[in-house]
Amino acid sequence: SPAPPAERRALLRRVTFDLTGLPPTPAEIDAYLADTSPDAFARVVDRLLASPAYGERWGRHWLDVARYADSNGLDENTAFANAWKYRDYVVASLNADKPYDQFVREQLAGDLLPPSADPRVNADRLTATGFLVLGPKLLAEPDKAKMVMDIVDEQIDVASKAFLGLTVSCARCHDHKFDPIPTRDYYALAGVFKSTKAMASLNTVAKAFERPVGTATEEAAAKAHEAKVADLDARAKKLKADIRLAAVAGGAAAVTATKAFDRRLKNFKDAAPPVSRVLAVQDEAKPADVRVHVRGNHLTLGEPAPRVFPRIIAGEAQSPVPATTSGRLELANWVASKANPLTARVIVNRVWQHHFGEGLVRTPDNFGRLGERPTHPELLDWLAARFVADGWSLKALHRRILTTATYQQSAEIRNAELEMRNAGPKVDAAPSGNPHSEFRNPQFVDPDNRLLWKFPRRRLEAEAVRDAMLAVAGDLDRTTGGTLLESKNFEYVTTDSSRSRTRYDSPRRSLYLPVVRNAVFEFFQAFDFVEPHVPTGKRATTVVAPQALFILNNPFVAARSKAFADSLLKPTDVADADRVRAAYPRALARPAAADEVDRALSFLQRYEAALEATVKDAPARRAAAWQAWCHVLFASSEFITLN
């Protein structure tokens, strides 16, 4: 039977973290508690969906799937100094509630959509195609043909998992072992992506492809500068030839003149007017089909694979894509079609998962045979149908889920449920017949909460833990957009000679910290941050001792504890008991119980007394005690757990 409704403070904290990744403020708590109208919670949902923090929170969920990073990783870890523009595109799209089908089309083929009269729209569409370029690449791969196919394989993998929930790339070397995806269908898609330019060059060290998105004035100035550079280069060759002849007679003076000329020419080239560029793709000049690579070997070619889409979904009676195009636009339109049976279900399942900790399908990137069956298949179908009918609106989907009684249940396990769990029947195997009957058997004990008889308690993700500490301490910088990566574009970021600085000490939201492949921020690693080399729809969630040790010993946490303590001590006319009472709503979104206030005051007194022998300054002892107590709140299970 369903759990009772959640206590109002717990519900507000839950939905605020869910939609913004931040804790509610004491003022927001008081306002919600004072609103006794029937639609009070619905108004909270609308307020949070309208916040810029919504796009920051949910943009990070999509970046997990898009395997976002600010560097290449693998063999040559060079900077993607313009990757942040794709991140900001995602955040802005979600905040604007861009229809999801449009969001899909832009990422697969934004450059091929009909041009808009608004140059900002065109720039956004180019930026969106960075989805296909962001992946890691073996930039020093000597076999260039293999390198191209490896990049194509990575693009197929991320696109098929992200939008369709299918592991199509398993069919690179042989027919898929479990799903009805033959190798020919894999290479039909490979033709689409091989006909798409994603690399500026394949020379060692190769570089990802970028396209300009500046204004017409910027681009005109850049072209004029390039023409001037070309003219100077031509003149330089002649002048250097003349100087070399003069050097035979003139000696050192002529050599000095050559060096001075080179220096002036380099300075002129470096003074090129800036033009904004983004990671992006474009169609190759000569699109072409790809033949099947027998056992995945590009040196052993088999039958032709005309560019079509997976036949198990799109059917056998498909017309190949036009020979003059890559087929990306046709692919994007097919993926984002109302008739596609997977696209809406996959994204609805992702949204459900981030609200409940588990999806209706618990393998969000794999709806194939090896994926888990949906616990509530009719609900998934109904939500997907409503999602499309609502114009593919993600915000409407959030409202529909969050305003249900299921979402608003308590996370507490009741005594009756504990008794049933201990005394109830033990089911060794699912009953025969209906493959989902084990979920509907009234005698079945549901320890995994698949029936959602209560709200699932879960640990906050790495970014929410860090951002909550900044917010509670009063240190959070709410500036949006931009980059903190100081490395130049395509400069090495993790070598001994690197001059880059990653700026992890910034008080900005965690979304804006650089994601450097091969060197992920240690705070993120401690709390199960995504592996940025691969698309990931579901992070691992662990609760282990090193996380507690990390919080107890990390300098960032100590600094936030000090800032929190300083803010509590700043008013001079407040009793310590009232300071404790003020801290609890900020940190835990609830009032302190009387015994908690007593324990806090006892802790502070004993801590100060323990410092008397080593710290002679009384105000310093007091500040250290309050910092330690605030550190205790940050280290508590309640702080990093969502009920």
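Read-outs throughout are calculated quantities, based only on the coordinates presented, and are distinct from any laboratory measurement. It should be emphasised that the depicted structure is a prediction, and the values quoted were computed from it without experimental measurement. A quick note on method: Cβ atoms are made from the backbone with ideal geometry, for glycine too, and the neighbour counts reach across all protein chains shown.
Please report Rg (one decimal) and Dmax (integer) in Å for the Cα set of the stretch 3-124.
Rg then Dmax for the stretch 3-124, in Å: 18.8, 59.
With each pseudo-label sitting 7 Å past Cα toward Cβ, what's the residue 226-residue 200 distance in nm, one decimal?
1.1
Once you have the Kirkwood Rh of the stretch 262-339 from its Cα pairs, apply Stokes-Einstein at 4 °C and 1.567 mPa s and quote D in µm²/s.
78
With just the Cα atoms defining each centre, how far is the stretch 110-174 from the stretch 42-72? Give it in Å.
22
Between the helical axis of 119-128 and the dominant principal axis of the chain, each derived from Cα atoms, what acute angle in degrees is found, rounded to the nearest 10?
80
Please sort 88-94, 304-310 by packing, taking for each peptide the average over its residues of neighbouring beta carbons within 10 angstrom, highest first.
88-94, 304-310
By how many nm would the segment from residue 637 to residue 121 lengthen if fully extended, with 0.36 nm per residue of separation less the alpha-carbon distance?
181.3 nm
Normalised radius of gyration for the stretch 83-170, please: alpha carbon Rg relative to 2.2 N^0.38 Å, two decimal places.
Expressed relative to 2.2 N^0.38 Å, the Cα Rg reads 1.21.
I'd like the projected area of the stretch 515-643, averaged over all directions, using the convex hull of its alpha carbons. Report it in nm² with one decimal.
Approximately 10.2 nm², given one-decimal rounding.
Report the convex hull volume per residue for the stretch 88-242, counting only C-alpha atoms, in Å³.
For the stretch 88-242, the hull spanned by Cα atoms encloses 158 Å³ per residue.
Full-extension gain between residue 27 and residue 382, please, as 0.36 nm times their residue separation minus the C-alpha to C-alpha distance.
Value of the extension gain: 124.1 nm.
Where the convex hull is taken over the Cα atoms of the stretch 246-393, what is its projected area averaged over directions, in nm²? If you can, show how the numbers build up before the last one.
Working: hull surface 76.2 nm².
Hull-based average projected area comes out at 19.1 nm².
Treating cross-link reach as a plain straight distance, find the aspartates and glutamates whose alpha-carbon is under 14 Å from the alpha-carbon of residue 488, omitting any fewer than eight places away in the same chain.
List returned: 70, 270.
Semi-axes of the equivalent ellipsoid for the stretch 4-65, please: Cα gyration tensor eigenvalues, times 5, square-rooted, ordered largest first, whole Å.
23, 12, 10
How large are Rg and Dmax for the stretch 448-595 when calculated on the C-alpha trace, in angstrom?
According to the Cα coordinates of the stretch 448-595, Rg and Dmax are 18.7, 57 Å.
Would you compute, for the Cα atoms of the stretch 83-125, the largest minus smallest coordinate along each principal axis and list the three values in descending order, in whole Å?
Answer, in whole Å and largest first: 23, 20, 17 Å.
Based on Cβ point charges of +1 for Lys and Arg and -1 for Asp and Glu, what charge dipole magnitude is obtained for the chain about its Cα centre, in debye rounded to the nearest 20?
Dipole of the chain, to the nearest 20 debye: 1240 debye.
In bins 5 Å wide, starting from 0, what share of all Cα pairs of the stretch 285-329 does each bin hold, as a percent?
5, 21, 21, 23, 21, 9, 0
Any idea how far apart residue 35 and residue 405 come out in nm if each label point goes 7 Å out from Cα toward Cβ?
About 2.3 nm separates the two model spin labels.
What are the lysines whose alpha-carbon lies under 28 Å from the alpha-carbon of residue 98, with same-chain residues fewer than 8 places away excluded?
85, 161, 197, 338, 395, 538
Can you spot the aspartates and glutamates whose alpha carbon is less than 17 Å from residue 238's alpha carbon? Ignore those fewer than 8 places along the same chain.
Candidates past the 8-residue exclusion: 262.
Roughly how compact is the stretch 329-406, stated as its Cα Rg over 2.2 N^0.38 Å to two decimals? Write out the running numbers ahead of the final one.
Details: Rg = 12.5 Å, N = 78, 2.2 N^0.38 = 11.5 Å.
That works out to 1.09 for the stretch 329-406.
Stretched out fully, how many nm does the piece from residue 317 to residue 489 gain, at 0.36 nm a residue minus the Cα gap?
My answer for the length gained is 57.4 nm.
How large are Rg and Dmax for the chain when calculated on the C-alpha trace, in angstrom?
29.0, 104
Return the distance in nm (one decimal) between the two label points of a simple spin-label model at residue 173 and residue 266, each offset 7 Å from Cα along Cα→Cβ.
If labels sit at residue 173 and residue 266, their model points lie 4.7 nm apart.
Kindly state, as a whole number, the per residue volume in cubic angstrom of the convex hull around the alpha carbon atoms of the stretch 150-201.
Each residue corresponds to 71 Å³ of Cα convex hull volume.
In bins 10 Å wide, starting from 0, what share of all Cα pairs of the stretch 493-576 does each bin hold, as a percent?
The distribution over the stretch 493-576 is 13, 34, 31, 14, 6, 1, given as percents.
About its Cα centre, how strong a charge dipole does the stretch 102-189 have in debye, to the nearest 20, once Lys and Arg get +1 and Asp and Glu get -1 at the Cβ?
My answer is approximately 20 debye.
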